[in-house]
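Below is one structure, written out as structure tokens; comments come after it.
The values are calculated or read from the model by the stated rules, or taken from the named source; none is laboratory data. Computed from a predicted model, the values in this text were never measured in an experiment. Neighbour counts run over all protein chains shown; Cβ positions are idealised from the backbone, glycine included. Remember, those area values only see protein heavy atoms, side chains included, never the ligands or the DNA or RNA. Shrake-Rupley method; radii C 1.70, N 1.55, O 1.52, S 1.80 Å.
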Amino acid sequence: MNKDLIINSNSDGVEIALLEDKKLVEIHNEKVDARWAVGDLYLGKVRKIIPGLNAAFVDVGFEKDAFLHYTDLSPYVKSIIKYTQEAINNNDNSFDFSKFQTAPEIVKTGKISEVLNGKPNVLVQILKEPIAAKGPRLSCELSLAGRFIVLTPFNEIVAVSKKIHSGEERKRLQKMMESIRPKNFGVIVRTAAEGKSTAELHEDLLTLVENWKAIQSNLKGAMAPSRIMSEESKTTSILRDLLNEDFNKIVVNDKKIFDLTLNYLQRIAPAKANILSLHSGDQEIFDQYGITKQVKSSFGKTVNLNSGAYLIIEHTEALHVIDVNSGFKSVSNNQEENALQTNLEAAEEIARQLRLRDIGGIIVIDFIDMKLPDNKRKVQEALDEFMKTDRARHSVLPISKFGLLQATRQRIRPEVNINTSEDCPACNGTGKITSTLLLEDEMEKKLAYLATHGHKSLHILVHPIIHSHLTKGIFSSTIKKWKRKYKIKLKSQPENNSHLVEYKFLDDNQEEIKL
């Protein structure tokens, strides 16, 4: 699988698109004034304790107090509170974390009122960004992520990713980290550490320890609420988590971001620095790499599939509902086989849509009805397989007797929602139409369907502007390309009464072909 990272800087911030085999799978927006990113560390002030919820509300500077539940406190929260106070009051820079005396752990079934009595200032980490009317969700399970390891202060535990399947490799990494881990730090070894040398892991560890020292320095004299340390930029965090041999291109249209990214690459993976390039040319970077078109076709209520099938994606207060429709698709005369093939195609696109839109919470998918249990299992397994590349935690249940598949996906930030409609020139912007950027693709899909079902001579009735577009170029017009590609007789006819994006297929008798 080839991965490309395309980074578009504009006046509002930075847009980052991740392509896998030229297909858009993730899009991130980093605003100029962005705050409250997952992983940011804040000095917060406990404002209110709610015994009934076993939770507290903490002021971290957001317009609404952030939420901290007992289960997110961390067994070492008493050590964190003690450390926070000592770091704030450290006036002579003599605080040595390796000599810090940790406090007893709290029990899993305790009460938050007993732990946060006195409403102290405490160092917290953003677990979930503000979503809708809710403030951020916090955690005291502090962690600093590197490329190969995650550093967890206040404990002495070394854990190795379960995705490293080799028992020998797991033992090697465990033993290695035990030998180089500083006192009062735990370590989680990430999957990317598989096969890495002691020197590479030690360098990653030293970088994270320096980050912790910076946090300690920023806490000195700090007043709650205040931000103590920000997570890395979206660009570097994506590279940190995803950069591997599959990456073959990183393109940036801003010199400053180019320099920052180059410095980061030279630090974490010098061999990959040559894949970075600075975009040049008159065409917008997202247009040149086909991202604008993919965004237009991938967002909105309806998502069309290559076969003619389509998805309807709707969001309610409690969940997301995805309906799979066969459209004009017809693979064979076997209804069960048609349903299976459409559902398998839909499963791949649904996995992409969940990741692309960053859809979280409860998801209900209404696949086309299938009778055979084996076919239902195939669709569920396919969705599981397609979601393996998804970094968010997720769970997929078998298709129920009602033909519904239920899934959950971790939600840590607001859903990506892009309006893909355009103002309609026929009604001066009072209504909406599907993006004109996709009209030609949509027409070709239906033309291909008709060509494979015995139609050898067709007329397309279109608006005069569209007719002009389809027929421009004596030898290279779109109509001539379609005629050669599908080996049919084809003619475009202008129709003044047609709306801009309205079109019809006619047969030789000038009768409309219904699709």
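Candidates Asn263, Asn248, Asn274: the one that is in contact with a helix residue (DSSP H, G or I) (Cβ under 8 Å, 6 or more places away or on another chain) and of a type outside the set (D, E, K, R) is Asn248.
Is it the case that segment 4-18 has a residue that's assigned to a strand (DSSP E or B), open to solvent by 20 Å² or more (accessible area, probe 1.4 Å), farther than 20 Å from Leu260 by Cβ and not aromatic (Phe, Trp, Tyr)? No, because not a single residue in segment 4-18 is assigned to a strand (DSSP E or B), open to solvent by 20 Å² or more (accessible area, probe 1.4 Å), farther than 20 Å from Leu260 by Cβ and not aromatic (Phe, Trp, Tyr).
Between Arg172, Arg147, the distinction of being of a type in the set (D, E, K, R), over 24 Å from the mean Cα position of the chain (by Cα) and more than 30 Å from Leu116 (Cα to Cα) belongs to Arg172 only. Residues that are in contact (Cβ under 8 Å) with a residue 40 or more places away in the chain and either within 23 Å of Gly186 (Cα to Cα) or of a type outside the set (S, T, N, Q) (or both) number at least 2 in the following strands (runs of 3 or more DSSP E) confined to segment 108-160: 121-128, 137-139, 149-153. Could you please let me know if Ala309 is farther than 30 Å from Leu515 by Cβ and either open to solvent by less than 30 Å² (accessible area, probe 1.4 Å) or modelled with pLDDT under 90 (or both)? Taking the combined requirement at face value, the residue does not satisfy it. The single residue among Ile412, Ile433 that is within 30 Å of Val38 (Cβ to Cβ), in contact with a strand residue (DSSP E or B) (Cβ under 8 Å, 6 or more places away or on another chain) and modelled with pLDDT under 70 turns out to be Ile412.
Of all the residues in segment 64-107, those that are part of a helix (DSSP H, G or I), open to solvent by 40 Å² or more (accessible area, probe 1.4 Å) and over 21 Å from Glu156 (Cβ atoms) number 2.
For (1) surrounded by fewer than 16 Cβ atoms within 10 Å (Cβ to Cβ); (2) assigned to a strand (DSSP E or B); (3) at pLDDT 90 or above; (4) among the acidic types (Asp, Glu), each residue gets a yes or a no:
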| position | (1), (2), (3), (4) |
| --- | --- |
| Leu439 | no, no, no, no |
| Leu447 | no, no, yes, no |
| Gly454 | yes, no, no, no |
| Ile460 | no, yes, yes, no |
| Ile466 | no, no, no, no |
| Leu470 | no, no, no, no |
| Gly473 | yes, no, no, no |
| Ser476 | yes, no, no, no |
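Annotation note: of Glu337, Glu348, the sole residue that is out of contact with any Asp or Glu (no Cβ under 6 Å at 6 or more places or on another chain), surrounded by fewer than 20 Cβ atoms within 10 Å (Cβ to Cβ) and free of Cβ contacts under 8 Å to residues at least 12 places away in the same chain is Glu337.
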